[in-house]
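Here the structure is laid out as structure tokens; the discussion comes afterwards.
The values are calculated or read from the model by the stated rules, or taken from the named source; none is laboratory data. In this text the structure is predicted, and so the values were computed from the model without any measurement. Cβ placement follows ideal geometry from the backbone for every residue including glycine, while neighbour counts extend to all protein chains displayed.
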Amino acid sequence: MNKNHLLKQIEEVQESVRQMKEDDLQENPETANEEFQCDCCAEIKTFAGSMIYEDYRLCNDCVLLAEVGFTLNKIKTIDEFMASMEDKRFETIYNTLFKVDNIEK
Ligand SMILES: [Zn+2]
């Protein structure tokens, strides 16, 4: 597989994931204001463009990462993807729990 072909595939995935979010916003504008904690990156994200994979709900950003991973055959199952995001998830949860907002320099 040459590099241009690969890039083209990634662009197609990006486009379809982006489109998914726009479709959501058009069909259900209220999803823009609804938030959930992404099972993958643990960040609070908008419902628009999120997707269910088996037991997980992923935000639009993570859907993109997962779909690119699938397309490039880097991952085969969603569990593999979840495992690969474990560090990122931990970091986010850690920062959320221990973030100190009120300290000024
Ligand atoms: Zn996410």
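Restricting 39, 55 to residues that are more than 13 Å from the ligand (Cβ to nearest atom) and either charged (D, E, K, R) or modelled with pLDDT under 95 (or both) narrows the list to 55. What about residue 10, is it surrounded by 11 or more Cβ atoms within 10 Å (Cβ to Cβ) and out of contact with any Asp or Glu (no Cβ under 6 Å at 6 or more places or on another chain)? Criteria met by residue 10. All of 34, 104, 27 fail the test of being away from the ligand (no atom under 13 Å from the Cβ), at pLDDT below 90 and among the acidic types (Asp, Glu), apart from 104. Of note, residue 97 satisfies the criterion of being over 21 Å from residue 14 (Cβ atoms), more than 13 Å from the ligand (Cβ to nearest atom) and among the hydrophobic types (A, V, I, L, M, F, W, C). Residues that are within 26 Å of residue 99 (Cβ to Cβ) and among the hydroxyl-bearing types (Ser, Thr, Tyr) number at least 1 in the following strands (runs of 3 or more DSSP E) confined to the stretch 1-87: 44-46, 56-58.
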